[in-house]
1. Using Cα pairs closer than 8 Å and at least 6 residues apart in sequence, work out the relative contact order for region 219-321, in percent.
2. Using Cα pairs under 8 angstrom and six or more residues apart, how large is the relative contact order of region 134-182, in percent?
3. Would you kindly derive the ³J(HN,Hα) couplings of region 227-237 from the backbone phi angles with the Karplus curve 6.51 cos²θ - 1.76 cosθ + 1.60 (θ = phi - 60°), listing them in order in whole Hz, with x for Gly and Pro?
4. Go through region 41-46 residue by residue and turn each phi into a ³J(HN,Hα) via Karplus (6.51, -1.76, 1.60, θ = phi - 60°); whole Hz please, and just put x for glycine and proline.
5. Based on Cα coordinates alone, diagonalise the gyration tensor for region 174-214, multiply each eigenvalue by 5, take square roots, and list the semi-axes in whole Å, largest first.
6. Accessible area of the chain with a 1.4 Å probe: how many percent of it is carbon plus sulfur?
7. Going by a ≥ b ≥ c, the root eigenvalues of the Cα gyration tensor, does region 20-116 fall in the rounded group (a/c under 1.5), the prolate group (a/b larger than b/c) or the oblate group?
8. Output the peptides 24-37, 244-257 sorted from most to least packed, where packing is the average of other Cβ atoms within 10 Å over each peptide's residues.
Amino acid sequence: MSFDAILGQPTAVATLRRAIERGQAHHAYRFEGPEGVGKAACALAFAQALVCHDPVNKGCGRCRGCELTRTISEEAPHVPLHPDVVFVGRGIYPPNLIGRTTPEATGISVQQIRRLILARSGFSPHEGRALCFIIHDAHELTISAANALLKTLEEPPPKTHFVLLTSQPGQLIDTIRSRTLAVRFAPLADALVQQIAGVPAEIARLAQGSVSAALELADAETHQRRQAFVDRALEAIDAPDLATAIGFANQKAEGRDELKRQLEYLAHALSAQAIAQLDHSPGLSERQARQHQTVLKALAGVEHNAQPALLLEAMIAELRSA
Ligand SMILES: [Zn+2]
């Protein structure tokens, strides 16, 4: 994965490329941006450029360093074959490999930081060029893991680099943020999502600039389930009696994350309808726009609401009176 293969992130790529070319790669970057926009791929391209054997065309794609970096082991843990490109992330490694007896349920454990980073960073890179740690979903670092990392993050040994990937930078503790240099990744253009994920335009539009979201949406079953939710919601809004609305609110819950996705579908359906009606029926369009706002409000409430059924009931009542 060379920088050339990273699409739609010209600013981030230019920043990193320039740093590499000048031999001024920072020792600790923080890649911030939504899921599925190329942060991990870019981190790998950066690591590849660091360990590449070609002194001029760094990240040449042909040398042994490049090859080992972009080859991800087929067996678990799925990490680069290059010994100096080290993945860190919750659940990547089996517990026994990082000195634990239980899986990392809540976050990246302090044991993983000790075993993978601290035990390793005092030594020169195996291949001599650079040692690069890529920390996936760095906001999942537990407090003890983050604290264990601070000193090394601030003053790593020579030729040692860190890339912290996060879609939720606000959840990183301040001391980690202040020791890392931010590189921002934007949502991708719909056309690019469509191209990379190989999905229809309709799905790319729903994915909000994320390739991983598009792939998930493209899953036919998921799409059908969410569309059925939208159909039932629209039915409940227009039903003459309240029974349909209550039935809708009491449907089988499928978990908070799925409920969020379903509400996003509904919000999108309403906004698409509002736009479609704008010319023919401004009154209806206005109502649908208000309904769209109501769904967005419910969506924001999902995180803090213990009772999805109550949330849905209140939402449908508001949608009916909108
Ligand atoms: Zn190379």
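The values are calculated or read from the model by the stated rules, or taken from the named source; none is laboratory data. Treat the numbers as computed from the prediction; the structure is a model and nothing was measured. Cβ sites come from the backbone with ideal geometry, for glycine too, and all protein chains shown count toward neighbours. Note: areas computed on protein heavy atoms with side chains; ligands, DNA, RNA excluded. Shrake-Rupley method; radii C 1.70, N 1.55, O 1.52, S 1.80 Å.
1. Values: 97 pairs, mean separation 32.7, N = 103.
Value for region 219-321: 32 percent.
2. Details: 37 pairs, mean separation 27.6, N = 49.
Relative contact order here is 56 percent.
3. Each residue's phi maps through the Karplus curve to give 5, 4, 4, 4, 4, 5, 5, 5, 5, 5, 5 Hz.
4. 5, 5, 4, 5, 5, 5
5. Details: eigenvalues 178, 15, 10 Å².
Those come to 30, 9, 7 Å.
6. 53
7. Details: a/c = 2.16, a/b = 1.70, b/c = 1.27.
Here region 20-116 falls in the prolate category.
8. Result, highest mean Cβ count within 10 Å first: 24-37, 244-257.
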